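One structure is given here, and the rest of the page talks about it.
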Amino acid sequence: MSDNGPERWTVLINAEEQYGLFPVELPTPTGWRPADFTGTEEECVRYVDEHWTDMRPLSLRQALDGSAA
């Protein structure tokens with residue numbers, strides 16, 4: 001990390017399919033898995049914006065899909 005914060009980030013996903021950014025040099029936190037994308041903070045934010053199109057947690061989406069059936 002530099003004095004201004006990390007220079008490289010990785011995109012992570014949790015079990016609810018929510019996205020987050022995390023510094024590359026740190027170990028992946030429990031409950032998260034890599035989304036196989038790393039870059040600058042700006043690049044990672046762009047990746048998340050393109051891929052996380054439904055902000056609802058997976059469990060809520062599944063519950064709503066089940067109630068609509």
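A compact table of results
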| item | result |
| --- | --- |
| Sum of -39500 (n - 2.57) over DSSP H runs of 4+, divided by residues of the chain (222 nm, nearest 500) | -9500 deg cm²/dmol |
| Calculated from backbone phi, Karplus (6.51, -1.76, 1.60) coupling profile of the stretch 9-14 in Hz, x at Gly/Pro | 10, 10, 8, 10, 10, 9 |
| Residues whose placed amide H lies under 5 Å from that of Ala35, excluding near-sequence neighbours | Val11, Leu12, Ile13 |
| Coordinate range along principal axes, alpha carbons of the chain, Å, largest first | 51, 24, 18 |
| Protein accessible area in the chain, 1.4 Å probe - carbon and sulfur % | 52 |
| In sequence order, calculated HN-Hα J values of the stretch 24-34 (Karplus, 6.51, -1.76, 1.60; Hz; x Gly/Pro) | 4, 6, 9, x, 4, x, 4, x, 10, 9, x |
| Solvent accessible area, Å² - Leu26, 1.4 Å probe, full protein context | 70 |
| Using θ = phi - 60° and Karplus 6.51 cos²θ - 1.76 cosθ + 1.60, couplings along the stretch 38-51 (whole Hz; Gly, Pro as x) | 10, x, 5, 4, 4, 5, 5, 4, 4, 4, 4, 4, 6, 9 |
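The values are calculated or read from the model by the stated rules, or taken from the named source; none is laboratory data. Because the structure is predicted, anything quoted here is derived from the model rather than measured. Areas reflect the complete protein model, heavy atoms only, side chains present, ligands, DNA and RNA absent. Shrake-Rupley method; radii C 1.70, N 1.55, O 1.52, S 1.80 Å.
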